[in-house]
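*Asks:* I'd like to ask you about the structure that follows.
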Amino acid sequence: MAASRVVIVKSGNVWTANDTPDPAVMTRMYARGFSLLTGERDDAVAVSSLFRPDDRVGIKVNTIGGRAISTRPEVALPLAGWLGRNGLREKNLFIWDRTTRELRDAGYATSAGRSGVKVFGTDTDGVGYEPDLVSHLNVGSLFSKIQTEFVTASISLAILKDHGLAGITAGLKNYFGAIHNPNKYHDFRCNPFVAEVFDAPPVKTRHRLTVLDALVVQFHKGPSYHSRWAAKYGGLVLSLDPVAADSVGWTIIEELRAAAGLPTLKDEGRAPEYLATAEKMGLGRARPASIETIEETVA
C-alpha cells in the first residue's frame, strides 16, 4: 500500500514589512502545495480532484488564541480566494469557527452575506448547534450546524501548536471547535476523544483536506502564545491523510523543541497518543515509515 503523502511548502518571503503574511506569497504556496499533493499541474484540475463544483466548502479555522497564535485571515482568505478562482463558487465557501468574537479577535471581518466568501461563527443568529446529540463511541456532542448543514465538504485549516494536555493541537483536534462541549474531552490527554470526534459522521463524512498553518509554531507552553517558545517556521503542511498531517506536525514541533534544548514531548509525558489511536481506528497513518513527506520552498 502506498505511503500517505504529506506536503510541506515553505517560503522565506512570506512575511511583509508589517510582519503579516503576504497574501500573494500565500497564494503561490497553496498552488504549489495542491499541485504536489494531487500530482496535477493545473490549479483547477487539482481543485476538481478534491471537490465538486457545487460543493459547499467549510474552512474550519482555529481562532481561540487571539491574533498572536490563531489561523490568520491572511492565511485563510487567500485559500478561499484561490479555491474560488479555480472551480468553486465563492458564495459556497465558509470560513468559520466557534464564535464571532474569537474570529474578530483573530483579525477577521465577519460576514454572512449571500455573495462572496462568508466568515462567521456557530453563535451567529440562525446558526447554532444541532438539537440532537450525536453519540459516537465515547463522545456525545451537539455539532455545529455549519458542519452538519451548511457545508458538504470540510477543510481543517488549523494552527500548529504545542498543547499542555494533548501534546499537540493541529488538524484533528481542530474539530473540537465544531462541538458544544470540547471541555469534556480533555481527560487522559484527549485520548481517544480527538480521534473519536473526528470519526463521528458529521466530520468524517465531510473532511477532505488538512492544512496546518505552520507560519508561526508554538512549540512549547501551548496552546496559548508565549513569544519565547514561538518560532517563525514559515510553512504550510497539507495532506489528504488527517493523521499523517498531524504526525508530520508533531515532528516539526519536536525539531523546534530540540533546537531550543527542550526535552521531547514523550520525555515530558505528553506525547500525542491520540495519533496512534486514530491510526488504529483506520483514520490515517501515524508512523513515519508509512508517510511520504515532500518539502519544497517557493519564492
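The numbers here are math on the coordinates, done by the rules we state, and not lab data. The model shown is predicted, which means the values in this text are computed figures rather than measured ones. Positions of Cβ are generated from backbone atoms using ideal geometry, with glycine treated the same way; all protein chains shown enter the neighbour counts.
*Asks:* Consider a paramagnetic label point 7 Å from the Cα of Leu133 along Cα→Cβ; state which residues of region 99-124 have an amide N under 13 Å from it.
*Replies:* Nothing falls inside the zone, counting backbone N under 13 Å.
*Asks:* Further, regarding this structure: Using a cut-off of 17 Å between alpha-carbon atoms, which aspartates and glutamates can reach Lys221, once sequence neighbours fewer than 8 places away in the same chain are excluded?
*Replies:* Asp162, Glu254, Glu255, Asp267, Glu268
*Asks:* In whole angstrom, how long is each semi-axis of the equivalent ellipsoid of region 1-99, when you take the square root of 5 times every eigenvalue of its Cα gyration tensor and sort them from largest down?
*Replies:* Three semi-axes, in Å: 23, 18, 14.
*Asks:* Using 0.36 nm times the number of residues separating Lys221 and Ser111, minus their current alpha carbon distance, what extension gain do you get?
*Replies:* Going from the current span to full extension adds 36.3 nm.
*Asks:* Please tell me the relative contact order of the chain in percent, rounded to the nearest whole number, where contacts are Cα pairs under 8 Å and at least six residues apart.
*Replies:* 23 percent.
*Asks:* Please compute the Kirkwood hydrodynamic radius over the chain, one decimal place, Å, based on all pairs of different Cα atoms.
*Replies:* One over the average 1/r among Cα pairs gives 18.9 Å for the chain.
*Asks:* Sticking with this one: Expressed as a whole number of Å, what is the distance separating the alpha-carbon centroids of region 204-246 and region 250-276?
*Replies:* The distance from the Cα centre of region 250-276 to that of region 204-246 comes to 14 Å.
*Asks:* List the lysines whose Cα lies under 21 Å from the Cα of Lys60, skipping any in the same chain that are fewer than 8 positions away.
*Replies:* Straight-distance partners of Lys60: Lys91, Lys118, Lys145, Lys161, Lys173, Lys184, Lys204.
*Asks:* Name the most mobile residue of Thr251, Thr27, Thr110, meaning the one with the largest mean-square fluctuation, in a Gaussian network model of the chain with Cα contacts below 10 Å.
*Replies:* It is Thr251.
*Asks:* In Å³ and rounded to a whole number, note down the convex hull volume per residue for the Cα atoms of region 124-228.
*Replies:* Considering the Cα atoms of region 124-228, their hull volume per residue is 105 Å³.
*Asks:* Which length gain, in nm to one decimal place, applies between Ile294 and Asp187 when the Cα-Cα distance is subtracted from 0.36 nm times their residue separation?
*Replies:* 35.1 nm
*Asks:* In what sequence do Arg104, Arg41 fall when counting other Cβ within 10 Å, fewest first?
*Replies:* Arg41, Arg104
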